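Read the structure below first, then the notes.
The values are calculated or read from the model by the stated rules, or taken from the named source; none is laboratory data. Given the structure is predicted, the values throughout are model-derived calculations rather than measurements. Ideal geometry is used to build each Cβ from the backbone, glycine not excepted, and the neighbour counts take in all protein chains shown.
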Amino acid sequence: MKKIILNLAVTLDGFIEGPNGEVDWCIMDDDMDFGGFIASVDTIFYGRVSYDAWGNFQPDEATSPAESEMWQGIHSKKKYVFSHQRRQDDNATFISTDIVSQVAAIKQQGGKDIWLYGGASLIKTFIKEGLIDVYKVSVHPVVLGTGKPLFEDIKERIGLKLTDTQVFKSGVVQLTYEPGA
């Protein structure tokens, strides 16, 4: 069965974006092998706001070949958008009702794992419903002081078990957890 993997960057003080949505603090080192992660998934789950911002993003001509290749890999995946809006989109399937059973059906399909891209509201829903199989959090060596927190309005404790740790040359530390500790 496919696993849902939350893979995202967070600042040392727990923010996934700055106060104005900025992510310029996010480091992409070649030793992180983000391309390997992209190759390990065949599906991406987006919230509508994140999808509208990044789901069809096209880099400009000045973009490095590595970044262009990353975006090609991302755009080659099956995309689902969780939204209260019902919309037709040639590049994604919109889901607006019965999230838990629809996610269960998608997980039963053959293939590779699923990247829970976000945004924050969708991540919060998936945490609340216990739908995340792997938490892969890359802690970046920066403190913003304010912004959008990763964990917000969590009402119950979530026990996690550390399954892997990687330290990259930039100082980014990637922590991988699975539920149940």
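Among all positions in segment 112-119, there is at least one residue which is among the charged types (D, E, K, R), modelled with pLDDT of 95 or more, closer than 24 Å to Y177 by Cα and out of contact with any Leu (no Cβ under 9 Å at 6 or more places or on another chain).
So, in segment 49-64, exactly how many residues are free of Cβ contacts under 8 Å to residues at least 40 places away in the same chain and farther than 14 Å from H75 by Cα? Going through segment 49-64 one residue at a time, the tally reaches 5.
Got at least one residue in segment 149-172 being of a type in the set (S, T, N, Q) and under 22 Å from Y46 (Cα atoms)? Checking segment 149-172: not a single residue is of a type in the set (S, T, N, Q) and under 22 Å from Y46 (Cα atoms). Scanning segment 67-126 for residues that are within 14 Å of the chain's Cα centre (by Cα) and in contact (Cβ under 8 Å) with a residue 40 or more places away in the chain yields a total of 14.
In segment 154-181, the residues that are in contact (Cβ under 8 Å) with a residue 24 or more places away in the chain and under 16 Å from D31 (Cα atoms) form Cβ pairs under 9 Å with partners that are of a type in the set (F, W, Y) and surrounded by 10 or more Cβ atoms within 10 Å (Cβ to Cβ), at six or more places apart or across chains, as follows: Q174/F168; L175/Y135. Considering only residues that are among the aliphatic types (A, V, I, L, M) and out of contact with any Gly (no Cβ under 9 Å at 6 or more places or on another chain), look in segment 101-130 and name the one that is farthest from K148 (Cα to Cα). Filtering segment 101-130 for residues that are among the aliphatic types (A, V, I, L, M) and out of contact with any Gly (no Cβ under 9 Å at 6 or more places or on another chain), the one farthest from K148 (Cα to Cα) comes out as A105.
Confirm whether F82 is modelled with pLDDT under 95 and out of contact with any Leu (no Cβ under 9 Å at 6 or more places or on another chain). Here the answer is no, as F82 does not meet what is asked.
Listed by position, the strands (runs of 3 or more DSSP E) inside segment 63-181 whose residues that are surrounded by 15 or more Cβ atoms within 10 Å (Cβ to Cβ) number at least 2 are 78-82, 93-95, 113-118, 134-140, 173-179.
Considering segment 29-43, and only residues there that are modelled with pLDDT of 85 or more and part of a helix (DSSP H, G or I), the residue that is farthest from the chain's Cα centre (by Cα) turns out to be D31. Among the residues of segment 41-89, the ones that are in contact with an Asp or Glu (Cβ under 8 Å, 6 or more places away or on another chain) and of a type in the set (D, E) come to 1 in all.
Taking the residues in segment 132-181 that are touching a Leu at 6+ places or on another chain (Cβ under 8 Å) and β-branched (V, I, T) as candidates, determine which candidate is farthest from F34 (Cα to Cα). Only one residue tops the list, namely V143.
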